[in-house]
Amino acid sequence: QQQHQQHLRGCLGSETVKPYNFTVIKTSMQNWYHALCDAQWAHTPTGDPAYMPQQQALTTGFLCIVACDCNGMAPLTAAIMNSISAAPSNAALAACDALPTNPFNPHYFAQATDPTSLADLAAGLLAAPCSCDPGH
């Protein structure tokens, strides 16, 4: 159990570092990416894409929270969260534009082997839609 918990580099609270299950974090990132960006998933019997505005806002926000935090950036501000909520489909499209979607990679975040590789995979999200702030 302990070997599966790692202190993520900056992830989810760098000021008060707590152990998080790395596998859960990277699997969550993969699931959120899948829900937003796999255009073919909607056409399958098990498809459950994030197509409703509130799903897009939450899912994009979750991706951004982890992306900013894993890369040592400041937490998302209320203004950024509000901009994601105000235009959720634009935020979702920006997230998908920042990640490999043509074709969709079903193992993109799942291939992360440690917090540093997860941060590297999420780095495309830092500018748009997340507008991560490097200041802490």
Any hit, segment 59-71, residues being of a type in the set (D, E, K, R), within 16 Å of L125 (Cα to Cα) and modelled with pLDDT of 90 or more: no
Subset of segment 93-114 (residues that are open to solvent by less than 60 Å² (accessible area, probe 1.4 Å) and assigned to a helix (DSSP H, G or I)): A94, A95, C96, A98, F109, A110
Every residue from segment 115-136 that is of a type in the set (D, E, K, R) and in a loop (DSSP other than H, G, I, E, B): D133
Within segment 115-131, tally of residues that are open to solvent by less than 20 Å² (accessible area, probe 1.4 Å) and either over 19 Å from A35 (Cβ atoms) or of a type in the set (G, A, S) (or both): 3
Residue in segment 14-25 that is modelled with pLDDT of 75 or more, buried (at least 16 other Cβ atoms within 10 Å of the Cβ) and closer than 18 Å to A110 by Cα present: yes
Residue list for segment 71-92, filter: free of Cβ contacts under 8 Å to residues at least 12 places away in the same chain and either basic (K, R) or in a loop (DSSP other than H, G, I, E, B) (or both): P75, A87
Odd one out for P88, checked against (1) at pLDDT 95 or above; (2) in contact with a Gly (Cβ under 8 Å, 6 or more places away or on another chain): (2)
Search result, residues across segment 66-92 that are crowded, with 18+ Cβ neighbours inside 10 Å and of a type in the set (A, V, I, L, M): V66, A67, M73, L76, I80, I84, A91, A92
Test: residue in segment 36-57 that is closer than 15 Å to A123 by Cβ, assigned to a helix (DSSP H, G or I) and open to solvent by 20 Å² or more (accessible area, probe 1.4 Å): no
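The values are calculated or read from the model by the stated rules, or taken from the named source; none is laboratory data. Every value quoted in this text rests on a predicted model; they were computed, and no experiment measured them. Note that we place each Cβ from the backbone using ideal geometry, even for glycine, and neighbour counts take in every protein chain shown. Accessible surface is based on the protein model in full, side chains and every heavy atom, while ligands, DNA and RNA are left aside. Shrake-Rupley method; radii C 1.70, N 1.55, O 1.52, S 1.80 Å.
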